[in-house]
Amino acid sequence: QSVLTQPPSASGTPGQRVTISCSGGSSNIGNNFVYWYQQFPGTAPKLLIFKNNQRPSGVPDRFSGSKSGASASLAISGLRSDDEADYYCAAWDDSLSGYLFGTGTTITVL
Amino acid sequence: EIQLLESGGGSVQRGKSLRLSCATSGFAFRSFAMSWVRQAPGKGLEWVSSISADGGTTGYADSVKGRFTISRDTSRSTVYLQMNNLRGEDTALYYCSKGHQSAAVPDYWGQGTLVTVSS
């Protein structure tokens, strides 16, 4: 399927571990790298994870990515109030010959 | 410091054209693919178009194919998006982005330029 599906929302208390799923298909996640972005309201997205599980310099190791088959996950451990943001997965889609972004997940820290 | 500065957005009527520009600095422009990604008000991210480092390969989302054209000027370290026959559903904040390593997938983003299409 040429769509990347994420849960609309997820939440946790400070210090908890939260996981966001990203479900795709064989033409995108199943055959290509997954990227994750963090976006705060009114600001541009920021690259959080590249090539499934790699962190750019400056991204805390509280953020981790994984991929299995046609699905991927972003985990945030030691949740903090300033992690409240929207998170998007992305991957190249071979069928569309273009990039797909996930539907987005809003993280709320209770 | 890597910087991307979009310009050219505005309010236009349906069917009209706009050209967006993205002036860049702080990196070897000729070595990286560039992309445009848009975000409609209150909605998620949508990839629009990408261009390879040498400008020889371009790609477009089906929603804009045949109406939008991406190009780049290495001498000006600038990437452009020519948007023709604009529709209401093109209303969005348009982000310019630098490709990550050898791919066009975004790593650095500009702050965006707003395009509003009215009837």
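General remarks:
- Lysines with Cα under 25 Å of B:Lys16, excluding same-chain neighbours fewer than 8 positions away: B:Lys43, B:Lys65
- Among the residues of region A:23-51, those with an accessible-area drop of 20 Å² or more from chain alone to full protein complex, heavy atoms and 1.4 Å probe, are A:Tyr35, A:Tyr37, A:Gln39, A:Ala44, A:Pro45, A:Leu47, A:Phe50, A:Lys51.
- Heavy-atom surface of the protein assembly as shown, accessible at 1.4 Å and reported per residue (Å²): 45 Å²
- Remark on region A:95-110: accessible area falls by at least 30 square angstrom from chain-alone to full-complex state for A:Leu96, A:Tyr99, A:Phe101, probe 1.4 angstrom.
- Cα pair distances in chain B, grouped into 5 Å bins until the bin that holds the longest one, percent each: 2, 13, 25, 26, 19, 10, 4, 1, 0
- Share antiparallel - DSSP beta bridges, chain B, percent rounded to 5: 90 percent
- Heavy-atom accessible surface that A and B bury in contact, both chains counted, 1.4 Å, Å² to 100: 1500 Å²
- Student exercise, the protein assembly as shown dipole from Lys, Arg, Asp, Glu Cβ charges, in Debye to nearest 20: 260 debye
- A:Leu110 paired with A:Asn53, simple spin-label distance in nm, labels 7 Å along Cα-to-beta-carbon: 3.0 nm
- Here the spin labels are modelled as points 7 Å beyond Cα on the Cα-Cβ line, and at B:Leu114 and A:Arg17 they lie 4.2 nm apart.
- Of A:Ile76, A:Thr105, A:Pro41, farthest towards positive along the dipole that unit charges on Lys, Arg, Asp, Glu beta carbons give region A:33-110: A:Ile76
- For region B:39-57, residues shielded by at least 10 square angstrom of accessible area compared with the chain on its own, probe 1.4 Å: B:Gln39, B:Gly44, B:Leu45, B:Trp47
The values are calculated or read from the model by the stated rules, or taken from the named source; none is laboratory data. Since the model is a prediction, treat every value here as computed from it, not as a measurement. Note: ideal-geometry Cβ built from the backbone for every residue, glycine included; neighbour counts use all protein chains shown. These area figures cover heavy atoms from the full protein model, side chains too; ligands, DNA and RNA do not enter into them. Shrake-Rupley method; radii C 1.70, N 1.55, O 1.52, S 1.80 Å.
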